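The values are calculated or read from the model by the stated rules, or taken from the named source; none is laboratory data. Note that the coordinates shown come from a computational prediction; the quantities given were computed from them, not determined experimentally. Don't worry about glycine lacking a Cβ; one is built from the backbone with ideal geometry, like all the others, and counts go over all protein chains shown.
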Amino acid sequence: MTRSIVLAGMILVCGCAEPRPPTGGPRDETPPQLVSVDPAHESVNVPPTTQLKLTFSEYVNQASFVRALSITPAPQGRLRMRWRRRSVTIQFAEPLRDSTTYVATLDDEFRDWQGVRLTRPLSFAFATGPVIDQGRLYGRVIDPTKGKPVAGLPVLVFNPGEEVNGIPAYQTQTDSDGQFGLRNVRESDFFILGLQDANRNLIADDGEQFAVPPNPLIKATPDTIEQLLDWVYTKVDTVRPVIERVRATSNRLVEV
């Protein structure tokens, strides 16, 4: 079964002190970009013993990289990371699954060395078999009380019948326009939940706001059109009902 998990606490970071470029000049307000990744996006027949190498457009905050990274399905054991200037090499503790599509995502926790965050998630995929999953999912989350998009909202994707308060099959995040898109997922039906998740525990805690699509199940296919159906952003109703009026309508009936 495909699984996803935020990998903070499961990563061993190696290398010297975090490097920084010389100071001076105008302040950089551009988020870091993924310049290259090896194996390349949507590569197939990737060896299960492969390592990932990511190179960014600028120096980044390494601790934020650890917090922002998620991989689907979750690899076994702890990840080992080696940094060299603007590049990081990720080594897996155990061989990856055979004939499996892996999706790596960096959410808006990721920022450069000056603290500039991503405005939309960065993702790439590869497969350890000859075929890579091509399913797609799209959506947009709107706060009806403000009439504005909800940015930076975690989006959790579950297999039908799975416990919602469990580890999702996939995950991503809304961008600055409240939109999200998932590619390279299995062609299947999914239940999708947008969740505030302030403590990043992947659980719908009391008081956390959430959003769900108009239909309970969304089908991911390669032909899925980018239909940005609005999701309503709300919170769980925890207010108990209160009796406002009681009236006897006969000697045997009471209206409440």
Picked from segment 95-117 (must be assigned to a strand (DSSP E or B) and under 25 Å from R136 (Cα atoms)), the residue farthest from the chain's Cα centre (by Cα) is T101
State whether the residues of segment 79-94 include one that is free of Cβ contacts under 8 Å to residues at least 40 places away in the same chain, of a type in the set (S, T, N, Q) and not in a loop (DSSP other than H, G, I, E, B).
yes
Determine if segment 63-74 includes at least one residue that is within 23 Å of N184 (Cα to Cα), part of a loop (DSSP other than H, G, I, E, B) and in contact (Cβ under 8 Å) with a residue 24 or more places away in the chain.
yes
Segment 171-199, residues that are more than 13 Å from P160 (Cα to Cα), not in a loop (DSSP other than H, G, I, E, B) and not small (G, A, S)
Q171, T172, Q173, Q179, F180, L182, R183, N184, V185, L195
Subset of segment 38-48 that is surrounded by fewer than 18 Cβ atoms within 10 Å (Cβ to Cβ) and in contact with a Leu (Cβ under 8 Å, 6 or more places away or on another chain) - its residue that is nearest to E94 (Cα to Cα):
P48
For I142, work out the one condition from (1) assigned by TED's automatic domain parsing to the domain that holds T221; (2) in contact with an Asp or Glu (Cβ under 7 Å, 6 or more places away or on another chain); (3) among the hydrophobic types (A, V, I, L, M, F, W, C); (4) crowded, with 20+ Cβ neighbours inside 10 Å it doesn't fulfil.
(4)
Name, by its number, the condition in (1) modelled with pLDDT of 90 or more; (2) not in a strand (DSSP E or B) that does not hold for T23.
(1)
